[in-house]
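First comes the structure, then the notes that go with it.
The values are calculated or read from the model by the stated rules, or taken from the named source; none is laboratory data. As the structure is a prediction and not an experimental result, all values here were calculated from the model. Please note: Cβ atoms are built from the backbone with ideal geometry, for glycine as well, and neighbour counts cover all protein chains shown.
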């Protein structure tokens, strides 16, 4: 029996070793393939293909990181969050609504910029009940603030969830809009207001 | 001319979508498209994509390029000149290049080696834009794919390099990168999801992959032109805020093999029509 167990353990170890080796090899060959597949792109654009630690971890674990990895991501991503100098986390919900509608920015056809980057929230979330063209990749945000009683703590959480969602949900699908400098702090404040202001159509 | 009434219906549906981003309009478009698809099944020659296939066939057989040769000796994997059924078994390993190629990279290779065309010239304009006529590559790819209509995807996946490309394609599907952290899996790894009102196929699931992968190259009504799988993938990477990927690159070939393998056993219906 003991021999059987030790045999099973060694077989398992060899299998895990072979798997890790394969993964390592494929990571190297992927890097090579990526270099050759975007050979005609400009160097500053090619830089977008280089992964940071969080992207690496999430890719490797297919967005289901084990606890230790998840904790490391949360710690690292929390540290990136910058708050407004004046401490005010809510801006103008009307501008937030415009930003939620706009999917402009970041694509190679968007340069030189003809508009500010948008948050593109409606691509994935339901927000204002009157807007029927909403995506379902993310949860519905209908009455998000109202349901949470517009508390200060919830306002702060929404700011953080937009600035860097990976600080709360490691390997979630949502882009790190603030940490990636895709949106400015001012824009994020406007989006927070769109989600959390009692006057916003999100909460009507 | 018998295309006209169908197009009128589609045009109305598309205008609805353009003027009111409205769920009902989207429904109307989808219903109209479904009706149209059904009609095409009954009468494949009313499919505008077949015009590209026709043009592709003429191009395939015409003596062209510095070597004044046709593509009739092009080996698409089933031997020189064998076009029927070739698409169903691509991407695959080719000994003459010691690597894996998909349909489109193989066509480019044949144009280079058999006809003597310059690769840079061929790839100057691989994709057509809205309301332009299809490019030569699009027509050729549509022709070859159409010669596998009704067959099922059966990539060989025997050679070590084919297996390696498949593993790479799968890893690439889940690889997150760029300013938005997007991977293919961000949009295509769950059932019943949408971007705005656009439904997203769950490509990680064979049942769904089988329904959609065989539709490409597809005629896009909104563009009035054929879109190939290379173009489809390049467009996804554009949307992911990444630079323009090279035509027929290792990454697009590996991803195509992953998709075709996911769709293994699924019927090839290309060129089908898309919104």
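Using beta carbons and a limit of 6 Å, which pairs, at least six apart or on different chains, have the first residue in region A:158-186 and under 13 Å from residue A:125 (Cβ atoms) and away from chain B (no Cβ under 12 Å) and the second one at pLDDT 95 or above and in a helix (DSSP H, G or I)?
A:158/A:192; A:158/A:195; A:158/A:196; A:162/A:188; A:162/A:191
Restricting to region B:64-82, name every residue that is closer than 26 Å to residue B:266 by Cβ and surrounded by 19 or more Cβ atoms within 10 Å (Cβ to Cβ).
B:74, B:76, B:77
For residue B:206, state whether it is within 9 Å of chain A (Cβ to nearest Cβ) and in contact (Cβ under 8 Å) with a residue 40 or more places away in the chain. It would help to see each step written out before you state the result.
On the way: within 9 Å of chain A (Cβ to nearest Cβ): no; in contact (Cβ under 8 Å) with a residue 40 or more places away in the chain: yes.
When the stated conditions are applied, residue B:206 does not pass them.
Condition test on residue B:154, is it closer than 17 Å to residue B:100 by Cα and free of Cβ contacts under 8 Å to residues at least 40 places away in the same chain? Explain how you work it out, then say what you get.
Details: closer than 17 Å to residue B:100 by Cα: yes; free of Cβ contacts under 8 Å to residues at least 40 places away in the same chain: no.
The answer is no for residue B:154.
Considering region A:112-132 alone, what residues qualify as being facing chain B (nearest Cβ under 7 Å) and more than 12 Å from residue A:100 (Cβ to Cβ)?
The answer is A:132, and nothing else.
In region A:37-55, what residues are in contact with a helix residue (DSSP H, G or I) (Cβ under 6 Å, 6 or more places away or on another chain), facing another protein chain (nearest Cβ under 7 Å) and part of a helix (DSSP H, G or I)?
First, pick out the residues of region A:37-55 that are in contact with a helix residue (DSSP H, G or I) (Cβ under 6 Å, 6 or more places away or on another chain): A:37-38, A:49, A:54.
Add one more test, that the residue is facing another protein chain (nearest Cβ under 7 Å), and what stays is A:37-38, A:49.
Across region A:37-55, the qualifying residues are A:37, A:49.
Collect the residues in region A:83-101 that are closer than 24 Å to residue B:193 by Cβ and either surrounded by fewer than 16 Cβ atoms within 10 Å (Cβ to Cβ) or modelled with pLDDT under 95 (or both), keeping them in residue-number order.
Residues satisfying the conditions do not exist here.
Every residue, every condition in (1) surrounded by fewer than 20 Cβ atoms within 10 Å (Cβ to Cβ); (2) assigned to a loop (DSSP other than H, G, I, E, B); (3) modelled with pLDDT of 95 or more, yes or no:
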residue: B:112; (1), (2), (3): yes, no, yes
residue: B:116; (1), (2), (3): yes, yes, yes
residue: B:140; (1), (2), (3): no, no, yes
residue: B:143; (1), (2), (3): no, no, yes
residue: B:149; (1), (2), (3): yes, yes, yes
residue: B:155; (1), (2), (3): no, yes, yes
residue: B:158; (1), (2), (3): yes, yes, yes
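From B:239, B:230, B:223, grab the single residue that is modelled with pLDDT of 95 or more and surrounded by fewer than 22 Cβ atoms within 10 Å (Cβ to Cβ). Steps first, please.
Numbers: B:230 fails: surrounded by fewer than 22 Cβ atoms within 10 Å (Cβ to Cβ); B:223 fails: modelled with pLDDT of 95 or more.
Answer to the selection: B:239.
Which ones in region B:216-275 are within 14 Å of chain A (Cβ to nearest Cβ), touching a strand residue (DSSP E or B) at 6+ places or on another chain (Cβ under 8 Å) and outside any helix (DSSP H, G or I)?
Matches in region B:216-275: B:240, B:241, B:242, B:248.
Conditions first: (1) more than 9 Å from every other protein chain (Cβ to nearest Cβ); (2) assigned to a loop (DSSP other than H, G, I, E, B). Residue A:135 passes all but one, so which condition is the exception?
(1)
I'd like the full set of residues that are at the interface with chain A (Cβ under 8 Å from one of its Cβ atoms) and either more than 18 Å from residue B:238 (Cβ to Cβ) or assigned to a helix (DSSP H, G or I) (or both), limited to region B:168-182.
Of everything in region B:168-182, those that are at the interface with chain A (Cβ under 8 Å from one of its Cβ atoms) and either more than 18 Å from residue B:238 (Cβ to Cβ) or assigned to a helix (DSSP H, G or I) (or both) turn out to be B:168, B:171, B:172, B:174.
Is it the case that some residue within region A:65-82 is loosely packed, with under 15 Cβ neighbours inside 10 Å, outside any helix (DSSP H, G or I) and without any contact (Cβ under 8 Å) to a residue 40 or more places away in the chain?
Yes, region A:65-82 contains at least one residue that is loosely packed, with under 15 Cβ neighbours inside 10 Å, outside any helix (DSSP H, G or I) and without any contact (Cβ under 8 Å) to a residue 40 or more places away in the chain.
Here are some residues: B:165, B:130, B:185. Which one is over 18 Å from residue B:102 (Cα atoms), within 14 Å of chain A (Cβ to nearest Cβ) and in contact with a helix residue (DSSP H, G or I) (Cβ under 7 Å, 6 or more places away or on another chain)?
So the residue among B:165, B:130, B:185 that is over 18 Å from residue B:102 (Cα atoms), within 14 Å of chain A (Cβ to nearest Cβ) and in contact with a helix residue (DSSP H, G or I) (Cβ under 7 Å, 6 or more places away or on another chain) is B:185.
Could you please let me know if residue A:145 is crowded, with 20+ Cβ neighbours inside 10 Å and within 11 Å of chain B (Cβ to nearest Cβ)?
On the way: crowded, with 20+ Cβ neighbours inside 10 Å: yes; within 11 Å of chain B (Cβ to nearest Cβ): no.
No; evaluated as a whole, the condition is false for this residue.
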